[in-house]
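J.: Sharing a structure here in structure tokens format.
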Amino acid sequence: MRKTTERLHEELDATRQELADLRARVAAAQQLANMGDYDWHIESDTNSWSDQLYRIYGYEPQEFNASYDRFLSMVHPDDRDAVTAMHRQVYETGGSWTITERIVRPDGEVRHLATNGVVVKDEDGTPVRMRGTCVDITDRVQAETANEELAASLREWQVRRRHAFEINDNVVQGISAAVLALQLGDLDAVASYLDRTLRAARGMMGDLLLDRPDGEPEAGSMVRSTAAAGITPVPASGQAPEPAKVRVLLADDYHDLRELMRFQLERAGYDVVGEAADGEQAVALAAELRPDVVVLDLAMPEMDGLQALPALRESVPDAKVIVVSGFANSLMADRVLAAGAARFAEKGVGIDVVGMVASVMAEQAERAS
């Protein structure tokens, strides 16, 4: 009898040692895998966490009782609703579940966990426990994010490279041919080369804009950071024009183009009463000078043409607005005409600002008669 008792004690001690060894191996495995396990007793709201799970959450092993409310307080606020919704669902239906969630450690560090669990029910079908494992997958998530960013950077570089070749093929080559034709004195060839180059450039602009997720440019999306030539607007001279002259306001951030349009218009007998290098200046000068016609660019600093157009129509409703833009007719014409512009024209070879001003004024005179 005594030997039997001794043998039982020896077997019990051996079992205890085996259990201790097993627990040590599990703890070591969890630490190596950065994985922890939990066992939540629903009725008593007590949660048995493994040591490694405490470490994952940024605490010392067994530092506190991980009640459900305490657990939720450590879940990232943006993930909390999804976690509680998942728990409610499995509580009602039973079964297992898997979710990826973020937690916030005491020092503010955010970690990503892949959590799974299963609901244990009693004989009556009432949920009594929820147990499962949590794996810290932060390193994997960060690596995937870095790979995605690298891939996006590579795609952007490839797009830039393709654009660079397109600019060379469609713009640089065309301008170079125009320069050579100019040196040879062949003005018809110069005009032809420049016309084809401008059409190609407008096509590239349209492709780039329509390639974007946000689609066509909206009002405010064409505001430039600086004027094309960095020139301040030329104010009105202050001299009253002759009554018979049509008063024109030029609004374009490219100073050289404004100068050329001014020269053409004044040579044709029109009175250019002011110039603006951005949309805000155009609206302010129009309200002050009350022009008959406003020649308006689309891409400008401070306020773009799509923003300035309704403001001009409100402040000087009798003025005719002619939009002259580098954007293609097919991309912008319908939009600016629907917004109240009298004309839309593409910048480039053959543009006739004088003819457009004469046309809109003739139409106005015909309606008035």
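The values are calculated or read from the model by the stated rules, or taken from the named source; none is laboratory data. None of these values were measured; they are calculated from a predicted model. Backbone-built Cβ (ideal geometry, glycine too); neighbour counts: all protein chains shown. Side chains are part of the model used for accessible areas, which takes the heavy atoms of the whole protein and leaves out ligands, DNA and RNA. Shrake-Rupley method; radii C 1.70, N 1.55, O 1.52, S 1.80 Å.
J.: Within the stretch 64-73, how many residues turn out to be open to solvent by 50 Å² or more (accessible area, probe 1.4 Å) and either modelled with pLDDT of 90 or more or under 22 Å from Thr138 (Cα atoms) (or both)?
T.: Selection size over the stretch 64-73: 3.
J.: Can I ask one more? Among the residues of the stretch 317-338, write down those that are outside any strand (DSSP E or B) and modelled with pLDDT of 85 or more.
T.: Start the filter on the stretch 317-338 by keeping residues that are outside any strand (DSSP E or B), which leaves 317-319, 326-338.
If the condition is that a residue be outside any strand (DSSP E or B) and modelled with pLDDT of 85 or more, then Pro317, Asp318, Ala319, Ala333, Asp334, Arg335, Val336, Leu337, Ala338 are the ones that fit.
J.: Let me ask another. For the list (1) in a loop (DSSP other than H, G, I, E, B); (2) more than 25 Å from Val171 (Cβ to Cβ); (3) in contact with a Ser or Thr (Cβ under 7 Å, 6 or more places away or on another chain), I need the number of the one condition that Leu298 fails.
T.: Failing condition for Leu298: (2).
J.: If you don't mind, another one. Filter the stretch 239-252 down to residues that are part of a loop (DSSP other than H, G, I, E, B) and at pLDDT 85 or above and give me whichever is most open to solvent (accessible area, probe 1.4 Å).
T.: Here is the first cut: in the stretch 239-252, the ones part of a loop (DSSP other than H, G, I, E, B) are 239-246, 252.
Next cut, at pLDDT 85 or above only: 245-246, 252.
Numbers: Lys245: 72, Val246: 26, Asp252: 4 Å².
Ranking the candidates gives Lys245 first.
J.: Let me ask another. Looking at the stretch 92-149, which of the residues that are among the basic types (Lys, Arg) and within 23 Å of Asp78 (Cα to Cα) is modelled with the lowest pLDDT? Break it down into steps so the answer makes sense when it comes.
T.: Quick first cut of the stretch 92-149, residues among the basic types (Lys, Arg) only: 102, 105, 111, 121, 129, 131, 140.
From the residues that got through so far, the ones that are within 23 Å of Asp78 (Cα to Cα) too are 102, 105, 111, 140.
Numbers: Arg102: 94, Arg105: 94, Arg111: 94, Arg140: 88.
Across the stretch 92-149, the extreme among qualifying residues is Arg140.
J.: Any idea how many residues of the stretch 98-117 are free of Cβ contacts under 8 Å to residues at least 24 places away in the same chain and not polar (S, T, N, Q)? It would help to see each step written out before you state the result.
T.: Initial filter on the stretch 98-117 (free of Cβ contacts under 8 Å to residues at least 24 places away in the same chain): 98-99, 108, 114-116.
Subset that is not polar (S, T, N, Q): 99, 108, 114.
Selection size over the stretch 98-117: 3.
Here's the yes/no breakdown for (1) free of Cβ contacts under 8 Å to residues at least 12 places away in the same chain; (2) of a type in the set (Asp, Glu); (3) open to solvent by 30 Å² or more (accessible area, probe 1.4 Å):
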| site | (1), (2), (3) |
| --- | --- |
| Arg290 | no, no, yes |
| Pro301 | no, no, no |
| Asp304 | no, yes, no |
| Ala308 | no, no, no |
| Ala328 | no, no, no |
| Leu331 | no, no, no |
| Leu337 | yes, no, yes |
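J.: Would you point out the residue of the stretch 48-61, among those that are free of Cβ contacts under 8 Å to residues at least 60 places away in the same chain and touching an Asp or Glu at 6+ places or on another chain (Cβ under 7 Å), that is nearest to His112 (Cα to Cα)?
T.: Our first condition is that a residue be free of Cβ contacts under 8 Å to residues at least 60 places away in the same chain; within the stretch 48-61, this holds for 48-52, 54-55, 57-61.
With touching an Asp or Glu at 6+ places or on another chain (Cβ under 7 Å) added as a condition, the list becomes 48, 50, 54, 58, 61.
On the way: Ser48: 21, Ser50: 18, Tyr54: 14, Gly58: 13, Pro61: 19 Å.
Step by step, filter the stretch 48-61, then rank; the result is Gly58.
J.: Could you check the stretch 275-321 and list, in sequence order, the residues that are on the phi > 0 side of the Ramachandran plot and touching a helix residue (DSSP H, G or I) at 6+ places or on another chain (Cβ under 7 Å)? Lay out the reasoning, then the answer.
T.: Taking the stretch 275-321 first, the residues on the phi > 0 side of the Ramachandran plot are 290, 302.
Listed by number, the list holds a single entry, Glu302.
J.: Moving on. On the given criteria, is Val283 part of a strand (DSSP E or B) and either open to solvent by 20 Å² or more (accessible area, probe 1.4 Å) or not small (Gly, Ala, Ser) (or both)? Full working, then the answer.
T.: Details: part of a strand (DSSP E or B): no; either open to solvent by 20 Å² or more (accessible area, probe 1.4 Å) or not small (Gly, Ala, Ser) (or both): yes.
So Val283 does not fit the description; no.
J.: Check Arg343 against each of (1) open to solvent by 30 Å² or more (accessible area, probe 1.4 Å); (2) over 20 Å from Leu265 (Cα atoms) and name the one condition it does not meet.
T.: Answer for Arg343: the failing condition is (2).
J.: If Glu314 satisfies every condition in (1) closer than 16 Å to Leu249 by Cβ; (2) part of a loop (DSSP other than H, G, I, E, B) but one, which is the exception?
T.: Glu314 satisfies all of (1) closer than 16 Å to Leu249 by Cβ; (2) part of a loop (DSSP other than H, G, I, E, B) except (2).
J.: Mind checking which residues of the stretch 33-60 are exposed (fewer than 13 other Cβ atoms within 10 Å of the Cβ) and not polar (S, T, N, Q)? Show your work before the answer.
T.: Kept after step one, since they are exposed (fewer than 13 other Cβ atoms within 10 Å of the Cβ), are these residues of the stretch 33-60: 33, 43-44, 60.
Ala33, Glu43, Glu60, listed by residue number.
J.: Do you know which residues across the stretch 339-348 are free of Cβ contacts under 8 Å to residues at least 60 places away in the same chain and outside any strand (DSSP E or B)? Can you show your working first?
T.: Kept after step one, since they are free of Cβ contacts under 8 Å to residues at least 60 places away in the same chain, are these residues of the stretch 339-348: 339-345.
Once the filter is applied, which keeps residues that are free of Cβ contacts under 8 Å to residues at least 60 places away in the same chain and outside any strand (DSSP E or B), the stretch 339-348 yields Ala339, Gly340, Ala341, Ala342.
J.: Now a separate question. Considering each residue of the stretch 74-120, count those that are in contact with a Phe, Trp or Tyr (Cβ under 8 Å, 6 or more places away or on another chain) and of a type in the set (A, V, I, L, M), and give that number.
T.: The total comes to 6.
J.: Can you work out which of the residues in the stretch 264-273 that are touching a strand residue (DSSP E or B) at 6+ places or on another chain (Cβ under 9 Å) and assigned to a helix (DSSP H, G or I) is surrounded by the most Cβ atoms within 10 Å (Cβ to Cβ)?
T.: Just the residues of the stretch 264-273 that are touching a strand residue (DSSP E or B) at 6+ places or on another chain (Cβ under 9 Å), to begin with: 265-266, 270-273.
From the residues that got through so far, the ones that are assigned to a helix (DSSP H, G or I) too are 265-266.
Values: Leu265: 20, Glu266: 14.
Restricting to residues being touching a strand residue (DSSP E or B) at 6+ places or on another chain (Cβ under 9 Å) and assigned to a helix (DSSP H, G or I), the top hit is Leu265.
J.: List the residue pairs whose Cβ atoms are under 8 Å apart, where the first residue sits in the stretch 119-132 and is among the β-branched types (Val, Ile, Thr), the second is assigned to a loop (DSSP other than H, G, I, E, B), and the two are 6 or more positions apart or on different chains.
T.: Matching pairs, first to second residue: Val119/Gly94; Val119/Gly95; Val128/Ile42; Val128/Glu43; Val128/Asp122.
J.: Just to verify a result, which residue in the stretch 80-100, among those that are surrounded by 12 or more Cβ atoms within 10 Å (Cβ to Cβ) and among the small types (Gly, Ala, Ser), is nearest to the chain's Cα centre (by Cα)? It would help to see each step written out before you state the result.
T.: Taking the stretch 80-100 and keeping what is surrounded by 12 or more Cβ atoms within 10 Å (Cβ to Cβ), we get 80, 82-84, 86-87, 89-91, 94, 97, 99-100.
After this cut, where a residue has to be among the small types (Gly, Ala, Ser) as well, the list is 82, 94.
Working: Ala82: 26, Gly94: 42 Å.
Only one residue tops the list, namely Ala82.
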